[in-house]
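Engineer: Right, I'll just put the structure down here and ask away after.
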Amino acid sequence: MTNRRDFLKQMGIVGGGLILDVSLAGCATNFPHTQQGDFEPNAWLQVKPNNDIIFYLNSVEMGQGTMTGMTTLIAEELNTEPYRIEVKSAGVHPDYVNPEYGVQVTGGSTSTRIYYEELRIAAAQAREMLLSAASLKLETSMDKLKAEDGHILYRNQRIPFGQFAQLASQLSKPKVKPKKSNFRFMGKSSVRLDGPMKALGTAKYGIDTQLPELYIAALKRCPVIGGTVKDWRANGADSMPRVKKVVAIPTGVAVIAESYWHAQKALEKVSIEWEMPELAQRSSDEIRQEFKTLAKEDDGRSAFSDGYAERAINDSVKVREAEYSVPFLAHATMEPMNCTVRLSDDLCEIWAPTQIPPVCASMAAEVTGLSRNQVKVYTTLLGGGFGRRLSVDYVVEATHIAMASGLPVKLIFSREDDTQNDYYRPAAHAVMKAGLDKDDRIKGWYHKNVNPNILNYAAQEVATAVLPDWMPDSLVRFSANLSPFVYNNILTDPASTEGAVEFGYDSPNTEIRHVQADPGLRTGYWRSVGHSINAFIVESFVDELSYVTNKDPLEFRLHNLTRNPRKANVLSLVAEKGAWGTPSVEGASQGLAAHFSFGSYVAQLVEASVEKGTIRVHRVVVAVDCGKTVNPDIVKMQMEGGVIFGLTAALHGEITLKNGAVQQSNFHDYPLLRMNEVPTIEVHVVDSTEAPGGAGEPGVPPIAAALANALFAATGQRLRQLPLKLA
């Protein structure tokens with residue numbers, strides 16, 4: 001079984017074994033922001049003589065609370081209130097490589113759980129070095145000094161850190177606070193650091209980027225993703241008011257103008273003849289039927305095998321079979337894709353709301369012919385990421401437009417562009433089989449998914465960033481193009497089976513299989529990725545098994561979780577807090593689901609009813625065990641956001657194709673959950689000493705199954721297809 005953290009190393013193997021296994025050193029090495037007299041003990045921290053304390057945030061803030069959470073880790077060891085620390089984007093640098101993925105990236109709910117110890121040690125290093133410098137300058141022992149709120153306390157004096165910056169040159173042994181009782185900030189709720197700037201309108205997103213003589217670009221793309229320009233005519237668009245240029249790039253024709261409105265109006269005049277891709281022959285009904293046929297005829301590849309699942313199922317006392325399906329989904333980030341590019345002969349500057357800055361740099365280098373060190377990426381705040389900004393198509397297009405026009409440009413997607421040119425969450429069809437013994441324990445479990453891989457598309461972009469600079473361009477392109485072939489024909493994309501492999505219940509005989517089926521619509525990472533598919537399938541099917549045994553759904557789950565105490569614990573907690581069996585709303589029914597993803601266990605209880613044929617969700621109770629918690633409020637916010645995000649998909653989310661073109665275009669036909677549809681949400685965080693888990697994604701996977709299970713309890717209809725629709 002291949003997991004996601006290994007995929008880059010595998011790409012290196014298939015590309016000639018040239019990817020280096022880079023560890024996160026956290027050591028400052030030739031940073032451009034270091035000046036004479038600055039104290040920079042590692043890649044994250046800087047203390048200036050004027051007492052500015054700067055934290056270089058190597059993860060991006062896209063609403064998930066990373067800025068607050070990671071700054072809190074620094075603040076705890078510096079013993080300095082978080083708001084006193086200035087947070088800046090770290091930029092692209094090898095010291096910021098995410099060790100789980102081998103590239104500098106924000107994704108997979110890794111920021112806090114990966115850097116929990118790294119950042120504390122980094123801040124502890126800085127604290128001890130400042131105390132050491134102070135002891136030398138004040139000619140006293142370190143035990144008579146205390147670091148607090150940006151100052152060294154000595155007798156009745158409060159001396160700013162900055163006065164010791166030049167002396168703080170010798171690293172002492174790092175020390176972190178060993179006991180929770182010593183924590184001043186961690187594990188406690190606090191004001192989000194990005195809250196005031198967003199409330200006051202001073203937060204700068206990618207779309208807010210302003211430069212001297214900057215022009216706005218709008219791009220007309222092929223209605224079928226993958227199509228290219230065969231021929232085109234400006235039809236007078238280039239002579240319209242405030243239009244600067246009209247240029248063609250591989251994916252379309254762009255109008256560059258002094259404003260977005262003028263660019264869009266001129267774009268309406270442009271006519272294009274397209275070279276259509278094979279996807280133009282495909283439609284949703286045909287794709288769904290293809291997936292169903294493959295589920296019957298193709299065994300696929302094994303992602304996990306333990307024991308003899310099919311034999312055990314055939315020998316079971318009770319057997320259950322079912323098929324489930326889920327659609328393609330768009331990300332629908334509130335800030336549409338955008339990128340600003342300024343080019344000169346020897347420099348390409350990029351301002352982008354991106355989750356993966358090094359790939360932006362490497363892809364821009366490919367387009368411009370510059371070396372990677374001649375490309376500078378400035379990461380802005382993100383108006384939602386959800387995995388969409390792990391792809392960099394918008395950066396590539398903006399760079400092409402800047403190259404073709406010779407102008408500094410800001411490319412902005414319309415909402416229609418955004419919806420119809422996404423990297424979509426894969427559709428999937430699943431076959432489920434399970435057998436139970438006489439004691440109602442799972443004896444055999446079989447799960448087969450039919451769906452397209454994601455790495456086919458991601459590998460082509462990421463390969464250019466992780467392969468060495470000295471590698472010839474031809475070999476880089478060969479490696480990038482080879483990776484999709486490998487994941488189509490040799491390896492199983494772990495994103496296709498995550499959440500199925502680690503489904504969590506006791507089963508001595510388990511088989512998880514995957515059938516690769518790619519209709520040609522490009523796919524990408526969507527909040528919680530494969531877990532969003534497989535949690536719905538697994539937890540709905542487990543609910544079906546409970547009714548086969550006539551056991552209460554909670555009782556059946558706990559009966560089959562003897563080896564998974566943390567999952568059992570969140571289920572018990574959510575049942576207690578949600579008063580399982582006693583709905584708080586008259587006429588409502590309850591449903592349960594629990595899932596493990598990104599290092600965290602989440603259980604959800606839904607109360608729902610059907611009113612005049614309409615599904616109404618009244619209440620959602622969440623129990624989450626995400627290990628050690630830096631800021632409980634952020635965990636709660638992420639669970640609430642995850643529930644709303646997941647309910648949006650469960651009730652409304654569906655991308656369909658007609659002749660290869662995405663039929664949805666804006667929020668009228670790809671709606672988000674409206675305020676009147678949002679239920680009461682209660683979140684209960686387990687007080688845990690386990691290693692930190694993620695919070696940004698784990699709230700999404702269980703919600704669709706919990707709702708489907710509640711609807712079964714209410715109506716007797718077992719809904720096995722998303723979005724949920726009653727007969």
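The values are calculated or read from the model by the stated rules, or taken from the named source; none is laboratory data. Owing to the predicted nature of the structure, the values given are computational and were not obtained by experimental measurement. As a convention, Cβ positions derive from the backbone with ideal geometry for all residues, glycine included, and neighbour counts pool all protein chains shown. Just the protein is used for accessible areas: all its heavy atoms, side chains included, with ligands, DNA and RNA removed. Shrake-Rupley method; radii C 1.70, N 1.55, O 1.52, S 1.80 Å.
Engineer: Taking P250, is it in contact with a helix residue (DSSP H, G or I) (Cβ under 9 Å, 6 or more places away or on another chain), surrounded by fewer than 20 Cβ atoms within 10 Å (Cβ to Cβ), under 27 Å from V229 (Cα atoms) and not polar (S, T, N, Q)? Show your work before the answer.
Structural biologist: Numbers: in contact with a helix residue (DSSP H, G or I) (Cβ under 9 Å, 6 or more places away or on another chain): yes; surrounded by fewer than 20 Cβ atoms within 10 Å (Cβ to Cβ): yes; under 27 Å from V229 (Cα atoms): yes; not polar (S, T, N, Q): yes.
It is true that P250 is in contact with a helix residue (DSSP H, G or I) (Cβ under 9 Å, 6 or more places away or on another chain), surrounded by fewer than 20 Cβ atoms within 10 Å (Cβ to Cβ), under 27 Å from V229 (Cα atoms) and not polar (S, T, N, Q).
Engineer: Additional query: What is the number of the single condition among (1) of a type in the set (G, A, S); (2) buried (at least 21 other Cβ atoms within 10 Å of the Cβ); (3) in contact with an Asp or Glu (Cβ under 7 Å, 6 or more places away or on another chain) that S665 does not meet?
Structural biologist: (2)
Engineer: Within segment 291-329, track down each residue that is in a strand (DSSP E or B) and within 19 Å of E502 (Cα to Cα).
Structural biologist: First pass over segment 291-329, keeping only residues in a strand (DSSP E or B): 301-306, 318-326, 328-329.
Of everything in segment 291-329, those that are in a strand (DSSP E or B) and within 19 Å of E502 (Cα to Cα) turn out to be R301, S302, A303, F304, S305, D306, Y324.
Engineer: Within segment 220-237, identify whether any single residue is surrounded by fewer than 16 Cβ atoms within 10 Å (Cβ to Cβ), of a type in the set (D, E, K, R) and closer than 30 Å to V630 by Cα, and answer yes or no.
Structural biologist: no
Engineer: Please tell me if E128 is open to solvent by less than 10 Å² (accessible area, probe 1.4 Å) and charged (D, E, K, R). Spell out how you get there, then give the answer.
Structural biologist: On the way: open to solvent by less than 10 Å² (accessible area, probe 1.4 Å): no; charged (D, E, K, R): yes.
The answer is no for E128.
Engineer: So G369 passes all but one of these: (1) modelled with pLDDT of 95 or more; (2) open to solvent by 40 Å² or more (accessible area, probe 1.4 Å); (3) not aromatic (F, W, Y). Which condition number does it fail?
Structural biologist: (1)
So that you can scan it fast, the table gives a plain yes or no per residue for (1) of a type outside the set (A, V, I, L, M); (2) in a helix (DSSP H, G or I):
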residue: H514; (1), (2): yes, no
residue: S528; (1), (2): yes, no
residue: K551; (1), (2): yes, no
residue: L554; (1), (2): no, yes
residue: S572; (1), (2): yes, yes
residue: E576; (1), (2): yes, yes
residue: S584; (1), (2): yes, no
residue: Q604; (1), (2): yes, no
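Engineer: Taking the condition of being assigned to a loop (DSSP other than H, G, I, E, B) and either among the aliphatic types (A, V, I, L, M) or in contact with a helix residue (DSSP H, G or I) (Cβ under 7 Å, 6 or more places away or on another chain) (or both), how many residues in segment 392-407 meet it?
Structural biologist: Within segment 392-407, the first condition is being assigned to a loop (DSSP other than H, G, I, E, B), and the residues that meet it are 392, 406-407.
Filter again for either among the aliphatic types (A, V, I, L, M) or in contact with a helix residue (DSSP H, G or I) (Cβ under 7 Å, 6 or more places away or on another chain) (or both), leaving 392, 407.
Number of matching residues: 2.
Engineer: Moving on. For segment 528-574, enumerate the residues that are surrounded by 20 or more Cβ atoms within 10 Å (Cβ to Cβ) and either without any contact (Cβ under 8 Å) to a residue 12 or more places away in the chain or in contact with a Cys (Cβ under 8 Å, 6 or more places away or on another chain) (or both).
Structural biologist: S546, A568
Engineer: For segment 614-635, which positions are more than 17 Å from A650 (Cβ to Cβ) and either surrounded by fewer than 24 Cβ atoms within 10 Å (Cβ to Cβ) or not hydrophobic (A, V, I, L, M, F, W, C) (or both)? Even if it seems obvious, please write down each step before you answer.
Structural biologist: Taking segment 614-635 and keeping what is more than 17 Å from A650 (Cβ to Cβ), we get 623-635.
Of everything in segment 614-635, those that are more than 17 Å from A650 (Cβ to Cβ) and either surrounded by fewer than 24 Cβ atoms within 10 Å (Cβ to Cβ) or not hydrophobic (A, V, I, L, M, F, W, C) (or both) turn out to be D625, G627, K628, T629, N631, P632, D633, I634.
Engineer: Also: Just a yes or no: is a residue in segment 338-353 in a helix (DSSP H, G or I) and either modelled with pLDDT of 95 or more or open to solvent by 30 Å² or more (accessible area, probe 1.4 Å) (or both)? Don't jump to the end; show me each part of the working.
Structural biologist: Kept after step one, since they are in a helix (DSSP H, G or I), are these residues of segment 338-353: none.
Within segment 338-353, none of the residues are in a helix (DSSP H, G or I) and either modelled with pLDDT of 95 or more or open to solvent by 30 Å² or more (accessible area, probe 1.4 Å) (or both).
Engineer: Scan E258, E286 and give me the residue that is within 25 Å of K410 (Cα to Cα) and at pLDDT 95 or above.
Structural biologist: Numbers: E286 fails: within 25 Å of K410 (Cα to Cα).
From the options E258, E286, the qualifying one is E258.
Engineer: Another question about this same structure. Among the residues of segment 131-139, is there at least one that is without any contact (Cβ under 8 Å) to a residue 12 or more places away in the chain and surrounded by 13 or more Cβ atoms within 10 Å (Cβ to Cβ)? Quick ask: steps written out before the conclusion?
Structural biologist: The first filter runs over segment 131-139 and keeps only residues without any contact (Cβ under 8 Å) to a residue 12 or more places away in the chain, leaving 135, 139.
Now drop any that are not surrounded by 13 or more Cβ atoms within 10 Å (Cβ to Cβ), which leaves 135.
Yes.
Engineer: Looking only at segment 575-609, count how many residues are within 22 Å of F541 (Cα to Cα), of a type outside the set (G, A, S) and open to solvent by 50 Å² or more (accessible area, probe 1.4 Å).
Structural biologist: Residues that pass the stated criteria total 2.
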